[in-house]
Amino acid sequence: MEPQMLHRVADSVATVIVHHPAKRNAMTAAMWRALPELLDALAADPAVRALVLTGAGTTFCAGADISTLRESAQEAQGLAVRAEEALAAFPKPTLAAIRGHCVGGGAQLAAACDLRFAEESALFGVTPARLGIVYPASSTRRLVALTGPATAKYLLFSGELIDAGRALRTGLVDEVLPEGELDKRLAEFIRVLASRSRLTQAAAKEFASGRTDRDAYWSAQARDSGDTAEGVAAFLERRQPRFGWSAPGSTSGSAPTSE
């Protein structure tokens with residue numbers, strides 16, 4: 001099978017799979033180009049409540065396919081940044097499911113997700129210093145926001161790999177799971193997400209990204225949707241809430257599935 005971005009939609013979850021096992025799921029130029037369009041389709045699918053990004057087999061993503069950098073490192077970096085920004089802008093919760101190596105462009109993609117869950121044997125690295133590449137400003141800011149400046153500098157200056165325990169301590173990942181427990185934990189957590197208010201999640205994601213000028217918009221959405229009233233009523237009646245808000249402009253139907 002050619003290197004490509006695979007995906008499937010099941011049980012309200014879109015799973016996007018980095019598939020290039022011959023090179024530890026390194027991203028080719030075509031894969032970087034394909035990701036934003038795929039994310040747009042999944043964002044428009046009202047059946048999708050959350051998105052999981054993972055790699056085929058036993059590794060997440062070992063970075064960019066170096067053969068694509070021989071022609072134009074600058075062009076390849078631009079493609080990676082556009083894919084990263086599209087992932088960061090995805091309007092629903094995104095989770096990176098990390099096994100094995102999460103390095104270079106793989107770390108860029110993982111950092112662009114809302115949350116990162118990793119197996120305890122995972123390894124992480126941000127490696128442009130090994131290639132003489134200037135890491136993009138937007139990617140650097142995102143890394144600093146996750147780990148703080150000291151850890152970001154350690155990773156960027158040295159290009160060294162760190163283990164999952166250190167990644168957890170420094171904020172690069174949110175949970176570390178024993179081998180074989182990652183899928184179970186993700187399914188459990190996504191069930192929690194699906195039971196919560198989409199309205200709260202969408203507003204929180206927007207505010208957390210730094211946009212703080214839409215308080216009035218989100219207050220109106222909360223008022224008109226009835227989610228707040230339903231949440232309070234469910235709490236008082238000791239039952240599970242039935243939240244009804246969906247993003248304005250959502251379309252019906254599902255994005256095509258391929259795997």
* Close pairs (6 angstrom Cβ cut-off, 6 or more residues apart or separate chains): closer than 16 Å to THR94 by Cβ and modelled with pLDDT under 95 in the range 1-26, surrounded by fewer than 20 Cβ atoms within 10 Å (Cβ to Cβ) and aromatic (Phe, Trp, Tyr) anywhere -> none
* Asked: Among the listed residues GLY253, GLY226, GLY244, which satisfies the condition of being under 16 Å from SER12 (Cα atoms), touching a Gly at 6+ places or on another chain (Cβ under 7 Å) and modelled with pLDDT under 90?
  -> GLY244
* Among the candidates ALA187, ALA208, ALA167, residue that is surrounded by fewer than 17 Cβ atoms within 10 Å (Cβ to Cβ), aliphatic (A, V, I, L, M) and in the same structural domain as PHE117 (by TED's automatic domain parsing) -> ALA187
* Listed residues ALA129, ALA137, ALA110, ALA145; which is in the same structural domain as PHE60 (by TED's automatic domain parsing) and surrounded by 22 or more Cβ atoms within 10 Å (Cβ to Cβ)? -> ALA110
* Here are some residues: ALA26, ALA47. Which one is surrounded by fewer than 23 Cβ atoms within 10 Å (Cβ to Cβ) and not hydroxyl-bearing (Ser, Thr, Tyr)? -> ALA47
* To do: Looking only at the range 171-189, decide whether some residue is in contact with a Ser or Thr (Cβ under 7 Å, 6 or more places away or on another chain), farther than 29 Å from ALA47 by Cβ, touching a residue at least 40 places away in the same chain (Cβ under 8 Å) and not basic (Lys, Arg).
  => yes
* Output for the range 15-32, where each listed residue is farther than 22 Å from VAL81 by Cβ and either outside the structural domain of THR59 (by TED's automatic domain parsing) or in contact with a Lys or Arg (Cβ under 9 Å, 6 or more places away or on another chain) (or both) -> THR15
* Asked: Among the residues of the range 170-210, which ones are within 29 Å of VAL103 (Cα to Cα), not in a helix (DSSP H, G or I) and not hydroxyl-bearing (Ser, Thr, Tyr)?
  -> GLY171, LEU172, VAL173, ASP174, GLU175, VAL176, LEU177, PRO178, GLU179, GLY180, GLU181, GLY210
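The values are calculated or read from the model by the stated rules, or taken from the named source; none is laboratory data. Bear in mind that the values here come from a model prediction, so they are computed numbers and not experimental data. Positions of Cβ are generated from backbone atoms using ideal geometry, with glycine treated the same way; all protein chains shown enter the neighbour counts.
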